[in-house]
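Only one structure is covered here, and it is reproduced in the block below.
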Amino acid sequence: MPRPRPVTGEVASAGALVVLALLSFWQTSVIPVSPIYARVGPTLFPWIASSGLLAIGVLLLAQALRGGFGVERSLTTDWHATAWVAAGLAANAALIGTAGFVFAATVLFVCVSRGFGSTRMLRDLGIGVVIALGSYLGFEKLLGVNIGAGMLEGLI
């Protein structure tokens with residue numbers, strides 16, 4: 001059985017992702033870190049994100065070189081899904097300044113979930129609240145970074 005040929009666009013996309021991860025590592029390495037940080041400093045999350053990006057890029061590159069990502073190639077756009085994601089992004093931008101990060105991020109999560117085909121809005125709402133609240137507490141309480149205080153955040 002002949003081995004499938006790599007798809008040039010997929011190899012290029014995966015390679016670009018690897019290059020982006022390496023650039024991210026480089027930029028993270030030049031972030032100035034004050035000696036007052038013991039373990040968790042301003043570079044922790046960029047290192048984690050860069051590592052994840054590199055892992056995904058390498059896996060996609062290996063998959064692309066073995067014959068492709070294995071997805072059907074379709075040029076049709078699901079405008080209904082695109083509208084849900086766009087609405088979530090617009091709502092997030094409109095709400096984050098007044099309602100706060102947790103509320104805005106939860107609305108974004110619910111809209112994106114709907115855009116990706118979920119019909120279980122209450123479940124998505126619960127998951128969104130947990131992720132948004134966890135993110136808020138991580139940034140605000142652990143790192144001391146204000147990412148958008150709002151109604152709910154004022155109570156915490």
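Normalised radius of gyration for the chain, please: alpha carbon Rg relative to 2.2 N^0.38 Å, two decimal places.
Rounded to two decimals, the normalised Rg is 1.32.
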Practice prompt. With the full set of protein chains in place, find how many percent of the accessible area of the range 48-155 is carbon and sulfur; take the probe as 1.4 Å.
Written response: 72
Worksheet entry | Per DSSP, loop trypsin sites (Lys or Arg not before Pro) in the range 100-156 with at most 12 further Cβ within 10 Å | Arg120
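Per residue of the chain, what 222 nm ellipticity follows from adding -39500 (n - 2.57) for every DSSP H run with n ≥ 4, rounded to the nearest 500?
Numbers: 6 runs with 98 residues, N = 156.
Mean residue ellipticity at 222 nm (helix-derived): -21000 deg cm²/dmol.
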Item to complete: Run the numbers on the chain and let me know its relative contact order in percent, using alpha-carbon pairs under 8 Å that are six or more apart.
Response: 22
Worksheet item: Can you list the residues of the range 96-112 with backbone N under 20 Å from a point 7 Å past the Cα of Ala90, pointing along Cα to Cβ?
Response: 96-100, 103-112
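With loop defined by DSSP as not H, G, I, E or B, and exposure as at most 15 other Cβ atoms within 10 Å, which is the longest segment of the chain clear of exposed chymotrypsin sites (Phe, Trp or Tyr not before Pro)?
It works out to 70-115.
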Response to the item:
A chain fully extended from Asp78 to Ser118 at 0.36 nm per residue, minus the present Cα-Cα distance, gains in nm 13.0 nm
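State in Å² the accessible area per residue of the chain; use a 1.4 Å probe, count heavy atoms of protein chains only, and round to the nearest integer.
68
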Worksheet item: By how many nm would the segment from Leu125 to Ala49 grow when fully extended, if each residue of separation counts as 0.36 nm and the alpha-carbon distance is taken off?
Response: 24.9 nm
Worksheet item: Assuming R0 = 35 Å, what is the FRET efficiency of Ile147 and Ala62, from their Cβ-Cβ distance, to the nearest 0.05?
Response: 0.50
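The values are calculated or read from the model by the stated rules, or taken from the named source; none is laboratory data. None of these values were measured; they are calculated from a predicted model. FYI the Cβ positions are ideal-geometry reconstructions off the backbone, even for glycines, and counts take in every protein chain you see. Surface areas here come from the heavy atoms of the whole protein model, side chains and all, with no ligands, DNA or RNA. Shrake-Rupley method; radii C 1.70, N 1.55, O 1.52, S 1.80 Å.
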